């Protein structure tokens, strides 16, 4: 099946700094990628839909100035958490839609962000 | 809006026991239904899916039937193994033509632990 990678797999940063998370589709081109946030023992919450070459579409309640998304190519989307605070600590997961499999989404392994 | 409700866990079973994880949904139109599995330390993987009423998705001994009349998509396996220990997520994707086409709405996840 299609493979999606995320980097880094975990990151620890100080409060007030920015962190960039990369999501790559390794063997297919993804015009659409999704970013989710998963709290401990809770479900995945869709944060935004990232479309190649255009602005991301954010879900209600997600601050677009805090969670910057860039989808500059058909295989790469990045999520930057700006001025991170402890409440931003979470597990961030991306998925990429493969048009070759009727739009099935393939998920990355996730990135654990801890803000001190 | 769309929503997915699944059986709360955790679920603890002995090896070779029968498994049922209930999932019900609320959606407009004709959604597609999915079960995803998340093994420890890994990303979500699609386990099975069904795209229309009365369809049965099956994979690795797991199966689920799309029941439109009861808006349900319960996951079953006749004989679980220790290796099935994971978190299971029920999800739906709105059908074509809907405003949320392609977006996945997840249930809260059910932790399954299988003991030898």
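The values are calculated or read from the model by the stated rules, or taken from the named source; none is laboratory data. This one's a predicted model, so the numbers in the text were calculated from it and none came from an experiment. Here the Cβ is made from the backbone with ideal geometry for all residues, glycine too, and neighbour counts use every protein chain on show.
Things worth noting here:
- Of the residues in the stretch A:61-78, none is within 14 Å of chain B (Cβ to nearest Cβ) and in a strand (DSSP E or B).
- Within the stretch B:85-106, considering residues that are over 16 Å from residue B:43 (Cα atoms) and at pLDDT 70 or above, the one surrounded by the fewest Cβ atoms within 10 Å (Cβ to Cβ): B:102
- Of the residues contained in the stretch A:47-57, one or more are found to be outside any strand (DSSP E or B) and within 22 Å of residue A:83 (Cα to Cα).
- Residue list for the stretch A:27-58, filter: out of contact with any strand residue (DSSP E or B) (no Cβ under 6 Å at 6 or more places or on another chain) and closer than 13 Å to residue A:76 by Cβ: A:29, A:31, A:53
Here's the yes/no breakdown for (1) away from chain B (no Cβ under 14 Å); (2) at positive phi:
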| residue | (1), (2) |
| --- | --- |
| A:10 | no, no |
| A:36 | no, no |
| A:41 | no, yes |
| A:81 | yes, no |
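- Condition check for residue A:74 on (1) over 13 Å from the mean Cα position of the chain (by Cα); (2) within 19 Å of residue A:111 (Cβ to Cβ); (3) touching a residue at least 24 places away in the same chain (Cβ under 8 Å): one failure, at (2).
- Consider the stretch B:28-43 and keep the residues that are buried (at least 23 other Cβ atoms within 10 Å of the Cβ) and closer than 21 Å to residue B:82 by Cβ. The one that is nearest to the other protein chains (Cβ to nearest Cβ) is B:36.
- So residue B:46, is it assigned to a strand (DSSP E or B), within 14 Å of another protein chain (Cβ to nearest Cβ) and modelled with pLDDT under 95: yes
- Only residues that are loosely packed, with under 13 Cβ neighbours inside 10 Å and more than 13 Å from every other protein chain (Cβ to nearest Cβ) were counted in the stretch B:2-27, giving 5.
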